[in-house]
Amino acid sequence: MTVNTTVTVRVPAKVNLQLAVGPGREDGFHDLVNVFHAVSLFDEVTAQDASARRSRPLTELTADGGTGTHLARVPLDSSNLAARAAVLLAETTGKSTPVDLKLIKQIPVAGGMAGGSADAAAALVACDRLWDSGMSQEDLAGLAARLGSDVAFGLVGGTAVGTGRGEILTPMDSPGRFQWVFALSPHGLSTPAVFGEYDRLFPDAPEPRESPALRRALAEADTAALGRALDNDLQPAALSLLPELERTLDTGRAAGAVGALVSGSGPTCAFLVGGGDEDPGTVEARRREVVASLEGSGLCESVVTAEGDVPGAVLV
Ligand code: C5P
């Protein structure tokens with residue numbers, strides 16, 4: 001049998017098409033209806049056997065890639081969710097050897113696109129393969145849910161609705177391919193801080209409900225309807241903490257985006273520029289307009305394009 005000494009896993013970012021947030025729970029979380037949509041902005045996690053290392057921790061971490069200031073926000077110690085994923089898998093299976101984890105990051109850090117969660121999902125898959133730990137998909141999904149509310153989605157990708165605190169996933173019918181533009185902010189936003197601001201702004205939040213209009217738009221690949229149905233309850237909280245995001249959203253809308261919203265807890269802003277049932281030439285023209293306006297606005301650290309949905313973590 002061949003023994004792998006290096007395993008690389010590619011994992012996508014997510015944008016939330018709907019994020020409905022209920023009142024705060026006693027455990028500090030919120031019940032959500034969270035429609036995840038995986039987009040073609042990828043991190044790569046490489047797990048390399050480091051058994052030659054003596055008296056050093058189970059995992060050592062390095063990070064590279066991407067542009068701008070965001071890499072400085074990646075923790076390189078045992079608090080990194082990818083390192084925690086490796087430790088949890090080792091503790092659960094009792095099988096492990098020291099491992100070096102190398103993160104190549106395209107997904108914005110602390111950007112509301114689940115980059116840290118994606119890396120954790122990828123680290124689970126990579127270490128499972130490296131250590132030949134023999135976990136089933138269900139076992140890995142269970143570990144993922146313990147690591148964070150968004151980690152399990154990184155394993156499956158596609159388009160799925162998450163309930164509970166977001167970790168109970170049900171795939172959604174979404175045959176269309178949609179084109180997106182993302183405006184990356186020079187700032188990061190802390191997810192707990194944005195949820196805290198939400199509680200302050202909406203002390204009487206109702207129970208979260210799934211949007212039938214969104215489900216229909218996805219099933220019919222109806223781009224205009226999807227643009228109208230995009231909805232993020234955390235957006236007012238993110239805008240309250242970083243008011244300049246309103247101008248970013250307005251810039252993309254004015255340039256012709258079909259829909260615009262803050263991604264998750266932000267501060268990345270997501271613009272739907274077409275796809276589904278539309279003519280590709282029209283979509284391309286719109287995409288260029290939106291990219292040019294955002295780049296010219298001076299409001300963003302960078303502007304990237306991606307399409308969705310795409311599958312979750314895969315070995316490369
Ligand atoms: O689950 P995860 O570690 O990604 O959550 C990060 C933080 O986001 C939590 O500590 C909590 O403050 C907030 N959160 C929440 N309700 C959820 C998911 C996350 O309040 N359903």
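The values are calculated or read from the model by the stated rules, or taken from the named source; none is laboratory data. Remember, it's a predicted structure, so these values are computed and weren't measured experimentally. Here the Cβ is made from the backbone with ideal geometry for all residues, glycine too, and neighbour counts use every protein chain on show.
Yes or no, residue by residue, for (1) in contact with a strand residue (DSSP E or B) (Cβ under 7 Å, 6 or more places away or on another chain); (2) on the phi > 0 side of the Ramachandran plot:
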position	(1), (2)
Gly111	yes, no
Leu124	no, no
Cys127	yes, no
Trp131	no, no
Leu140	no, no
Leu147	no, no
Ala152	yes, no
Gly157	yes, yes
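For the range 225-247, the criterion of being over 30 Å from Phe29 (Cα atoms) and either under 16 Å from the mean Cα position of the chain (by Cα) or crowded, with 17+ Cβ neighbours inside 10 Å (or both) is met by at least one residue.
When we screen Ala50, Ala38 for residues that are small (Gly, Ala, Ser), at pLDDT 90 or above and within 22 Å of Leu272 (Cβ to Cβ), the only hit is Ala38.
The listed residues are Phe29, Phe36, and the only one of them that is touching a residue at least 60 places away in the same chain (Cβ under 8 Å), near the ligand (Cβ under 10 Å from one of its atoms) and among the aromatic types (Phe, Trp, Tyr) turns out to be Phe29.
Whether any residue in the range 270-280 is over 28 Å from Leu201 (Cα atoms) and assigned to a helix (DSSP H, G or I) is what I want to check.
Step one: filter the range 270-280 for residues over 28 Å from Leu201 (Cα atoms), giving 273-280.
Right, trim to assigned to a helix (DSSP H, G or I) and you get 280.
Within the range 270-280, one or more residues are over 28 Å from Leu201 (Cα atoms) and assigned to a helix (DSSP H, G or I).
Where strands (runs of 3 or more DSSP E) fall wholly inside the range 151-223, the ranges with 3 or more residues that are more than 14 Å from the ligand (Cβ to nearest atom) and aromatic (Phe, Trp, Tyr) are 178-184.
Here's the yes/no breakdown for (1) outside any loop (DSSP other than H, G, I, E, B); (2) under 23 Å from Pro192 (Cα atoms); (3) among the hydroxyl-bearing types (Ser, Thr, Tyr); (4) touching a Ser or Thr at 6+ places or on another chain (Cβ under 8 Å):
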{"residue": "Leu71", "(1), (2), (3), (4)": "yes, yes, no, no"}
{"residue": "Pro75", "(1), (2), (3), (4)": "no, yes, no, no"}
{"residue": "Thr97", "(1), (2), (3), (4)": "no, no, yes, yes"}
{"residue": "Asp100", "(1), (2), (3), (4)": "yes, no, no, yes"}
{"residue": "Ile107", "(1), (2), (3), (4)": "no, yes, no, no"}
{"residue": "Gly111", "(1), (2), (3), (4)": "no, yes, no, yes"}
{"residue": "Met135", "(1), (2), (3), (4)": "no, no, no, yes"}
{"residue": "Arg146", "(1), (2), (3), (4)": "yes, yes, no, no"}
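Note down all Cβ pairs under 7 Å where the first residue falls in the range 52-68 and is within 14 Å of Ala82 (Cα to Cα), the second is of a type in the set (Asp, Glu) and modelled with pLDDT of 85 or more, and they're at least six residues apart or on different chains. Close Cβ pairs satisfying both conditions: Glu60/Asp100.
Okay, residues lined up against (1) surrounded by fewer than 19 Cβ atoms within 10 Å (Cβ to Cβ); (2) within 16 Å of the ligand (Cβ to nearest atom); (3) over 19 Å from Leu147 (Cα atoms):
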{"site": "Thr92", "(1), (2), (3)": "yes, no, no"}
{"site": "Ser96", "(1), (2), (3)": "no, no, no"}
{"site": "Gly112", "(1), (2), (3)": "no, yes, no"}
{"site": "Ala123", "(1), (2), (3)": "no, yes, no"}
{"site": "Ser133", "(1), (2), (3)": "yes, no, no"}
